[in-house]
Amino acid sequence: MSSEKQNLLQRLPLVGAATPSERKLLDYFATQYPHIAFSNLAEISARTGVSKTTVTRFVRRLGYADFHVFIRSLRDEVVQNFDTPGERRTAKAHVPAGHMETTFATGATVLERTLEQADADAFARVLALLADEKRPLYLMSVASGHAILHYFYVLAKYARRNLHMLGGDTSTLSQEIVDAGPDAVLFALAVDRHPMATLTALKHFHQLGCETILLTNRHGSPLLPYARHTLFVHTEGQSRFKSRCSALVMLEALLAGLVESDPEGFDVRYEVMNALTQQLNVFVQK
């Protein structure tokens, strides 16, 4: 990918060797994104203690023509990565007649584009972490993402132990993650929005030295700096809500890989869980 097409968070790790002043700017740009898009040259200089000349030189090193191009590009990123259903409600027309046909066509396009951009190596690395039962695996998402990830949790329990679904309730999140150690893995899902609870969890696990994974559709997400591994999915939609079918199918691909990583273990756990389900009389029996 050429530097012109990369967002700020993709450019920062490519800087390489940096002077002390540039290191301050690297840290500031990473931690203040996306708010930095609404700062000016004087404000960035004052808040970092770095001269305006150094700030200008640094943004050029990142691949921007000048500071004005830098800010304009950041604001475009914010528009693309921080739109909400409410904004789409006023900006988009209603779905045309033929809701079912239109929605299915959109879903097919979303899946096709996700597969086109998928990184097979990144998928393999993530799958290896999810399959490692020696590592406690925590799952984190909120709102609609929590419902999608909970589906993954229910089926993944057939494939591995030591799996924890975080509730996403900020009043109890600290109790849920306080015992996590450096051997833990956090797998977070964030589609469209950037939840503070998910950001907090990612930061905490990242600071512990854990492996952190983010599944998202936002290439400019402020969650990205705290994810060691990332899986991107494509989303779009004709309605007020974007289709999330790509996130669901990506999770199903990971589930398939989990089962195949230890098929004998899966069979044992399945028999135990199936017997318990029958004892609990969960489903109608023959």
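Out of all the residues in the range 206-226, is one or more farther than 21 Å from residue 112 by Cβ, among the polar types (S, T, N, Q) and in contact with a Leu (Cβ under 6 Å, 6 or more places away or on another chain)?
Yes, some residue in the range 206-226 is farther than 21 Å from residue 112 by Cβ, among the polar types (S, T, N, Q) and in contact with a Leu (Cβ under 6 Å, 6 or more places away or on another chain).
Against the condition assigned to a strand (DSSP E or B), among the hydrophobic types (A, V, I, L, M, F, W, C) and surrounded by 23 or more Cβ atoms within 10 Å (Cβ to Cβ), how does residue 214 come out, does it pass?
So residue 214 passes the test.
Which fully enclosed helices (runs of 4 or more DSSP H) of the range 1-76 have 2 or more residues being modelled with pLDDT of 90 or more and either in the same structural domain as residue 119 (by TED's automatic domain parsing) or surrounded by 17 or more Cβ atoms within 10 Å (Cβ to Cβ) (or both)?
20-32, 41-48, 52-61
For every residue, the table says whether it meets (1) modelled with pLDDT of 95 or more; (2) part of a loop (DSSP other than H, G, I, E, B); (3) assigned by TED's automatic domain parsing to the domain that holds residue 268; (4) closer than 25 Å to residue 265 by Cα.
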| position | (1), (2), (3), (4) |
| --- | --- |
| 139 | yes, no, yes, yes |
| 164 | yes, no, yes, yes |
| 176 | yes, no, yes, no |
| 182 | yes, yes, yes, no |
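Taking residue 283, is it part of a loop (DSSP other than H, G, I, E, B), loosely packed, with under 15 Cβ neighbours inside 10 Å and touching a residue at least 12 places away in the same chain (Cβ under 8 Å)?
no
Residue 132 versus (1) at pLDDT 95 or above; (2) crowded, with 17+ Cβ neighbours inside 10 Å: which is the lone unmet condition?
(2)
The values are calculated or read from the model by the stated rules, or taken from the named source; none is laboratory data. Every value quoted in this text rests on a predicted model; they were computed, and no experiment measured them. All Cβ positions, glycine included, derive from the backbone under ideal geometry; neighbour counts span all protein chains shown.
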